[in-house]
Amino acid sequence: MSISRHFFYYIPLAVWLCLSLIDIYGFLNRENIPIYFRAWEYVSNYTGKDAGFAVFKPMSRYSGTMTGDLLNGIGFSPKPNEIRKQEFIVDEYGYRNQPQLLDKPIDAIVLGSSFVAGGQETQENLISEILTRDYNLRTYNSPTSLQYYWDDYRFKSNTPKYIFVVGTEGEIINSLWKYIIEEKEPYNIPHKWNSYQEWKAENEQLPNTFEKWAFLFKQYSLTRFASVQLDFKLKNLMYSREEIAKQSTQNFVTYDPQSKMLFWQKDFDNPTLGTEGKKTEDIVKSAETLKKSSDQLNMRGVRLIVVALPSKTHAELETYKNIPDSQNALIILQKTLKKYEVEVIDMNEAVEEYKNTHSTPLYYPDDSHWNSDTNYLISKKIVEYLNDNTKTKNKKIKR
Amino acid sequence: MNFSDYFFLIYFFPILLAIYLVTQSTPRLARLSNLILIIGSLLFYLSFGMNNIEVLLIPVFFDFCLAQLIGKTRNLNSRKMFFLMGVVTNLGLLGYFKYTHFLSGQLFLLVPNTFLAKLSTTEIFLPVGISFITFQRISYLTDVYKKKIKASTNFFHYTVYALLFPHLIAGPIVRYSEIFQEIKKRYVDYQSFFRGLVFFSVGLFLKTFIADQLFPLEEHLDTLITQLDTLKAVIITLSFSLRLYFDFLGYSLMAIGIASFFGFHFPDNFDSPYTSVSITDFWQKWNISLSLWIRDYIYIPLGGNRKGEIRTNLNLLITMILAGLWHGAGWNYIVWGTLHGCFLVTERILPQNIIAKLPKRIRQILTFILVSSLWVIFKFKTLSEAKLVFHAMTTWTFFPLEDITQNILFATIPAWLIGVFWIICIKEKNLKAIQPNVWKLIFFSCLLFFSISFSMVKRSIAFIYFQF
């Protein structure tokens, strides 16, 4: 091999090797270089365990920035005001709470999906944190199903007074996580981890197949990150958001130029009665199962309270602003729940009231989840409801 | 691990190449270069899983020993016996792994019994690239048997030939005679390095920028297979035709480029096949190494064109049916091969002056339409799906395209434009003639890094021919 005279022909290989070295460095320092688009990924548990038993990496903590989950899907580069600060704290069991919260008796549990876990929300703005901090109602954030709550041994001794099932109207009608409790003794005793390192040593094993390794390397690649960023930046320099949205080749995320908001599966979130997943029989079935669960929880001295909010499509799109009450699935759901004697907080009215007095939206324009204002509104309405519906008046919850 | 995968592009190949070049830097270390290639090839093959690694390794030793016996034995019957033993064993492995399900399933339809039912559902892991590997091994044994080459006496050298990863999985089918000198001794100089850069960067660009970009369109239209109108049926046909070409061409160029980086010279595998003027011409320009293999090891042993007109046509038909079956165990491949065989025979039968009267451009367009239409049968696993496409094409119905189809189609415009430009204006054979200079070095380096970056941003799609 004669390198000396024609050494410059080997420069591409040198550059290529530099890319390899950059990615090796990035991989080895992956804990210190957060290149993830949201904290959720950073603290996600990729061990493949059941989400109900270890949602996040226990005792892990993320303090950084995040952007909406829909931006990447459609190819928008985040504007400065769309890069939000986020703190993400995980307790000793893998749930998003302050550590040791369960060491003392708790008053309530908030149950639901990512809206409750707060994928897009900083720690201090979670419903559980607001209720605990501002209203002195010690609340545990547990984005799992009612069955997991029922099976969880921790709550046999530390039984809350209330369980708040929080979600959008579509989730309350259709999601499995709220569904019926099967009667059995609590058997699940979640492991309590003292530190993230302790959990990591036992759980975060190195991959055992090439595919998993390759996936991991790609996930933490700095060159890939830079390439994606460059692609986004160029596309956003060349086109407006409306143009980018028009060129989008996927069906999942849509952009509404009027509200300047992104929507996740807009067509499937139609809040009109009789549409997909929102038929009268769906609502009745949901009310029946919630009633059964509520009765069982009452036998343990726990009150089940349903908090159903309008979906993003419902709350933010002009199209659905004036649907009559008789066609509004959320209103029908609330009425049906009341008919079945399931406790429900009227969030439809609360949202209407909010919309009339505020110009700001209830959902993040760039994310599928509602924003911190909505979390404060939910917390306030929960407390108002409890105050209005608690028999012992002297135990009113105050701010 | 695909050649266009992140891991290959960022970790495996540049690091392997750097280590290899270090061994090439001094004569003393150069002895290690074959060892580096064997280790690299094994790692590459292992990336597809540990399943059936023995199917790759044991026959290497077996074929080496058999070739030795064939080469050293003077008794003709013994030579023939060793040769047949090798061919039967290799074909047996291919038959077992690739055709057991298909054959047992078809036999079950004729003679239903529990054994065949069980056999057709037994889990058989298809070793990646077994079709190409088998053909390569058979060519080696045949060439030794026919005394075209001498059997390798160096197991190390034979192992390099049998395992060399650039052509291991999807060709080009390289014959021992083509590279045995380079296995013994080769030089990596700036020219071979530049040639490697040209072929690899162009191949990666064609794969990522054309083939992989057309895939979402095809994927989307596949979901609408029962609702196709004429326009969508034409789009799906042309899209697959272009994707298959640029996917396989991209792979072949990358394989030639990788080999060149290591100092090997692999034969060309394409020669502008979509500008062919007939099906006969097409098979001389498409997957050339396979076409030549089929000619030399199936068509000619069957008698070729030496036994009269009828026998020649029959040989052509049999050869193409086998070529179809080689691609996959399914009726679609058999039908596809048979139709190609029929067209080859028809071209032989038709008076040449009638065909020659047509303008060249017309013949090219007709051949392209015919080849692309036949790819529809090749693409779909069931003939009923292909029938749906043909039916939609002939009903002459047109519906407005949905927004999402329009958007996907719009996003593929650059891929279509460059693809069509390549087909019309670029000759693959001319790539070899590009002489190194600084500006070309800069251009192809930029093309390489752009393609690497692009492959990371977009979805990585497996090479179509990897499944064979």
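Quick note: the coordinates plus some simple rules give every number you see, no bench work behind them. Computed from a predicted model, the values in this text were never measured in an experiment. Methodologically, a virtual Cβ is constructed for each residue, glycine included, from the backbone with ideal geometry; neighbour enumeration extends over all protein chains shown.
Here are some notes:
- Selection from B:47, A:207, B:289 lying farthest towards where the dipole of the protein assembly as shown points positive, charges on Cβ: B:289
- Chain B gives an Rg/Rh value of 0.97, both radii derived from C-alpha positions and Rh following Kirkwood.
- A simple charge model with +1 on the Cβ of Lys and Arg, -1 on the Cβ of Asp and Glu and nothing else charged puts the dipole of the protein assembly as shown at about 3360 debye relative to its Cα centre.
- 28 Å tail of the calculated P(r), segment B:328-468, as % of Cα pairs: 44
- Cβ-Cβ FRET estimate between residue B:439 and residue B:224, R0 fixed at 45 Å, reported to 0.05: 0.45
- 21 Å tail of the calculated P(r), segment A:153-257, as % of Cα pairs: 72
- Listed pairs A:312/A:380; A:335/A:380; A:312/B:458; A:292/A:339 exceeding 25 Å between Cα atoms: A:312/B:458
- Top positive-direction residue, dipole computed over chain B with Cβ charges, set B:155, B:416, B:22: B:155
- Calculated FRET efficiency for the pair residue B:88/residue B:125, C-beta based, R₀ 22 Å, to 0.05: 0.50
- Computed [θ] at 222 nm, helices only, for chain B once each DSSP H run of length n ≥ 4 contributes -39500 (n - 2.57): -21500 deg cm²/dmol
- When the alpha carbon gyration tensor of segment B:248-303 is reduced to an equivalent ellipsoid, its three semi-axes come out at 23, 16, 7 angstrom, largest first.
- Those residues of segment B:73-90 whose amide nitrogen sits under 19 Å from the label point placed on residue B:61, 7 Å along Cα→Cβ: B:86-87, B:89-90
- For segment B:391-451 and segment B:95-132, distance of Cα centres in Å: 39
- Peptides B:247-253, B:161-167 ranked from most to least packed by the mean count of surrounding Cβ atoms within 10 Å: B:247-253, B:161-167.
- Note on B:409-415: average number of Cβ atoms from other chains within 10 Å of each residue's Cβ is 1.
- Cα centroid separation, segment B:285-327 to segment A:110-144: 71 Å.
- The C-alpha atoms of chain A define a longest principal axis, and helix A:329-339 lies at about 40 degrees to it.
- Given +1 at the Cβ of Lys and Arg, -1 at the Cβ of Asp and Glu and no other charges, the dipole of chain B around its Cα centre is 1860 debye to the nearest 20.
- Estimated vicinal HN-Hα couplings, Hz - segment B:363-368 in sequence order (Karplus 6.51, -1.76, 1.60; Gly, Pro = x): 5, 5, 5, 4, 5, 4
- Only alpha carbons enter this Debye calculation for chain A, each as an equal point scatterer, and the log10 of I(q)/I(0) it gives at q = 0.10 Å⁻¹ is -0.74.
- Pair residue B:352, residue B:466: separation of 7 Å Cα→Cβ label points (nm): 4.4
- The spacing between segment B:2-45 and segment A:314-386, judged by their C-alpha centroids, is 61 Å.
- Orientation-averaged projection of segment B:73-197 equals 11.0 nm² [convex hull of Cα atoms, one quarter of hull surface area].
- All Cα pairs of segment A:250-312, percent lying beyond 16 Å: 63
- Computed over segment B:203-310, the convex hull of the alpha-carbon atoms projects to a mean area of 10.0 nm².
- Spatial extent of the protein assembly as shown: Rg and Dmax, with the Cα atoms as the point set, Å: 33.0, 110
- When each of the peptides B:106-117, A:146-157 is scored by the mean number of other C-beta atoms lying within 10 Å of its residues, the order from highest to lowest reads A:146-157, B:106-117.
- Calculation over all alpha carbon pairs of segment A:211-256 in 5 angstrom steps from 0 returns a P(r) of 5, 19, 17, 17, 16, 16, 8, 3 percent.
- Ordering of A:307-313, A:248-254 by packing is A:307-313, A:248-254, highest average first (other Cβ atoms within 10 Å, averaged per residue).
- Its alpha carbons considered, segment B:144-284 gives a radius of gyration followed by a Dmax of 19.1, 61 Å.
- Here the Karplus curve 6.51 cos²θ - 1.76 cosθ + 1.60, taken at θ = phi - 60°, turns the phi angles of segment A:154-160 into couplings of 4, 8, 6, 8, 10, 7, x Hz, with x standing for Gly and Pro.
- Computed on the Cα trace of segment B:278-376, the radius of gyration divided by the Kirkwood hydrodynamic radius gives Rg/Rh = 0.97.
- Inter-chain Cβ neighbour average for residues B:450-462, partner chain, 10 Å: 3
- Gain upon complete extension [residue B:234, residue B:425; 0.36 nm per residue less C-alpha separation]: 66.4 nm
- Note on residue A:300/residue A:359: beta-carbon distance plugged into 1/(1 + (r/R0)^6) with R0 of 60 Å gives a FRET efficiency of 0.85.
- For segment A:289-399, with +1 on Lys and Arg beta carbons and -1 on Asp and Glu, the positive-most of A:296, A:331, A:382 along the dipole: A:296
- Quick note on segment B:66-107: its Rg to Rh ratio, both from C-alpha atoms and Rh being the Kirkwood radius, is 1.24.
- Cβ charges +1 (Lys, Arg) and -1 (Asp, Glu), total dipole of segment A:239-369, debye: 360
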